[in-house]
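**Student:** Take a look at the following structure, please.
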């Protein structure tokens, strides 16, 4: 089944799609796959997909001139407020 994201293959495809989606938008998202083993309620094994996102949104941006946690806009704001 191609839409079953609980299998190892489906979870791997989902991981790739999530990382590619956010990468195209300039974000760095880390996605991990965790083998959850057999689940009696599901009557099968499953693979969990976990990320470092918070409330479904990425935490880190990718910038070509990224020199640390602050960006050029942050520096500009700091200069203006001083």
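**Student:** In the stretch 1-33, which residue that is in a loop (DSSP other than H, G, I, E, B) and in contact with a helix residue (DSSP H, G or I) (Cβ under 7 Å, 6 or more places away or on another chain) is nearest to residue 58 (Cα to Cα)?
**Tutor:** Applying the first criterion (in a loop (DSSP other than H, G, I, E, B)) to the stretch 1-33 yields 1-7, 25-26, 29-30.
Next, from what is left, pick out any that are in contact with a helix residue (DSSP H, G or I) (Cβ under 7 Å, 6 or more places away or on another chain): 4-5, 29.
Working: 4: 24, 5: 21, 29: 6 Å.
Across the stretch 1-33, the extreme among qualifying residues is 29.
**Student:** Starting from the stretch 49-66, keep only residues that are over 23 Å from residue 11 (Cα atoms), then list their pairs with residues that are surrounded by 11 or more Cβ atoms within 10 Å (Cβ to Cβ) and at pLDDT 90 or above whose Cβ atoms are within a distance under 8 Å, requiring at least 6 positions of separation or different chains.
**Tutor:** Filtered contacts from the stretch 49-66: 61/26; 61/27; 61/28; 62/23; 62/26; 62/27; 62/28; 63/26.
**Student:** Which ones in the stretch 34-53 are in a strand (DSSP E or B) and at pLDDT 85 or above? Give the steps one after another, and end with the answer.
**Tutor:** Step one: list which residues in the stretch 34-53 are in a strand (DSSP E or B), which gives 34-39, 44-51.
Residues satisfying the conditions are 34, 35, 47, 48, 49, 50, 51.
The values are calculated or read from the model by the stated rules, or taken from the named source; none is laboratory data. Just so we're clear, the structure is a prediction, and the values are computed from it rather than from any experiment. Counting neighbours? That spans all protein chains shown, and the Cβs are built from the backbone with ideal geometry, glycine included.
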